[in-house]
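Down below is the structure, laid out as structure tokens.
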Amino acid sequence: MPEMPSLPGAVIVISSHVVRGTVGNRAVVFALETLGHPVWALPTVILPWHPGHGRSTRITIPDAEFHSVIDDLAQAPWAGEVRAVLSGYLGSAGQADGVARLVTALRARNPDLVYACDPVIGDAEGLYVPEATATAIRDRLLPLASLATPNRFELAWLAGAALETNAAILDAALGLGPSRMLVSSAIPMMNGGTGNLYLSGNHALLAEHRLIENPPNGTGDLLTAVFLARLLEGLSEERALQMATASVFEIIARTVKRGADELTLEQDASSLSTPMAMVQMRRLLHPSQMRRK
């Protein structure tokens, strides 16, 4: 994957939309725009609120209409403005085909297009999307991704392996294929901590901070958006990981202190642009170095 010079350009984001709350596109759009990136936002489903708050109406954009919008975006007179695509929660397996078609069409126009795939399929409790949707993300989207950002439980399902150590996470990340992978909920090395594990051709890095119990939803969406924004700025991978991890940790801490049930992004824009939280950065042994031993 080529280095990412600091150039203007839009980001197409494709994920869920909630009326109340800061998950899916609501978190991603706010973060990217706060950090200076124009955004084109396409919802995959529309919900009054996150399902974790209770049952509610769910409107899934039908595949036919979704694909029609994809065609419009691929052929738009402003398609040359697009520098990156970010996909998150999908409402159907068919939507994965649409995202793949869009990325392929835009890459034909701009070979340096960055595609960030956040495979939003599950958590410690297991899959929360139909298996067909998870399979479509694995088979259709991950092979196209410049960057993938699963949590550890999603990576375990995608790789078909239990991931109880960071070495196992690194091996799974290497085997899945995207040239850059950021894995949240990694195995901490500090007591009472949690971490984000990052693997690329150059680095195996762990960014750790104190674990905050019962954080609001949307932290994975936010991490993906901020990390992508920092890479698009031209920051080094290590600095981008440090700043993205610090931003998300700081916002979680402030949200929980306020007693809010959703990330309080509107009050914490400064935590996105200039995070002050301390993050422990560690360099890990890269899988390629292990194989040489």
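The values are calculated or read from the model by the stated rules, or taken from the named source; none is laboratory data. Only a predicted model underlies this, so the values are computations on that prediction, with no experimental measurement involved. Using ideal geometry, Cβ is built from the backbone for each residue, glycine included, and neighbour counts are taken over all protein chains shown. Surface areas here come from the heavy atoms of the whole protein model, side chains and all, with no ligands, DNA or RNA. Shrake-Rupley method; radii C 1.70, N 1.55, O 1.52, S 1.80 Å.
Key figures
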item	result
All positions within region 55-96 that are of a type in the set (Ser, Thr, Tyr) and either over 16 Å from Arg140 (Cα atoms) or assigned to a helix (DSSP H, G or I) (or both)	Ser56, Thr57, Thr60, Ser68
Some residue of region 8-28 being at pLDDT below 95 and either under 17 Å from Ala116 (Cβ atoms) or open to solvent by 30 Å² or more (accessible area, probe 1.4 Å) (or both)	yes
Candidate set from region 121-130 (those that are open to solvent by 20 Å² or more (accessible area, probe 1.4 Å) and of a type in the set (A, V, I, L, M, F, W, C)); member that is modelled with the highest pLDDT	Leu127
Residue among Glu238, Glu213, Glu266 that alone is open to solvent by 60 Å² or more (accessible area, probe 1.4 Å), under 24 Å from Ile169 (Cα atoms) and of a type in the set (Asp, Glu)	Glu213
In region 63-93, the residues that are of a type outside the set (A, V, I, L, M, F, W, C), crowded, with 16+ Cβ neighbours inside 10 Å and farther than 17 Å from Ile46 by Cβ	His67, Arg83
Failed criterion for Leu205 (all others in (1) touching a strand residue (DSSP E or B) at 6+ places or on another chain (Cβ under 6 Å); (2) assigned to a helix (DSSP H, G or I) hold)	(2)
Residues of region 218-235 satisfying the condition of being part of a helix (DSSP H, G or I), open to solvent by 10 Å² or more (accessible area, probe 1.4 Å) and farther than 20 Å from His53 by Cα	Leu223, Arg230
Index of the failed condition, His50 passing every other in (1) at pLDDT 95 or above; (2) open to solvent by 30 Å² or more (accessible area, probe 1.4 Å)	(1)
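Per-residue answers, yes or no, for (1) surrounded by fewer than 23 Cβ atoms within 10 Å (Cβ to Cβ); (2) touching a residue at least 60 places away in the same chain (Cβ under 8 Å); (3) touching a helix residue (DSSP H, G or I) at 6+ places or on another chain (Cβ under 9 Å):
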| site | (1), (2), (3) |
| --- | --- |
| Asp118 | no, yes, yes |
| Ala132 | yes, no, yes |
| Ala136 | yes, no, yes |
| Arg140 | yes, no, yes |
| Leu144 | yes, no, yes |
| Thr149 | no, yes, yes |
| Phe153 | yes, no, no |
| Trp157 | yes, no, yes |
